[in-house]
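Peer 1: What follows is a structure written as structure tokens; I'll ask about it next.
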Amino acid sequence: MRKEFLEVSTRYMAKKLAPWAAIIAKADGGYMAFESVTDYWTWKQQK
């Protein structure tokens, strides 16, 4: 599935850049956009 790091300062801008994302999560230096909830949970468990 698709995932992407977005180097923006707000969740609003992240959603504008990744309208396909099911979940947008705060990350160091920006936001991570995930198309799949499963990918998000995998990423979260690895942190």
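The values are calculated or read from the model by the stated rules, or taken from the named source; none is laboratory data. Please read all numbers here as calculations on a predicted model, not as lab measurements. Ideal geometry is used to build each Cβ from the backbone, glycine not excepted, and the neighbour counts take in all protein chains shown. Just the protein is used for accessible areas: all its heavy atoms, side chains included, with ligands, DNA and RNA removed. Shrake-Rupley method; radii C 1.70, N 1.55, O 1.52, S 1.80 Å.
Peer 1: What are the pairs with Cβ atoms under 7 angstrom where one residue, in segment 1-24, is touching a residue at least 12 places away in the same chain (Cβ under 8 Å) and the other, located anywhere, is assigned to a loop (DSSP other than H, G, I, E, B) and charged (D, E, K, R)? Sequence gap at least six, or different chains.
Peer 2: 1/35; 2/35; 3/35; 20/2; 20/35; 21/35; 22/35
Peer 1: Of the residues in segment 5-47, how many are open to solvent by less than 70 Å² (accessible area, probe 1.4 Å) and assigned to a strand (DSSP E or B)?
Peer 2: Residues that pass the stated criteria total 10.
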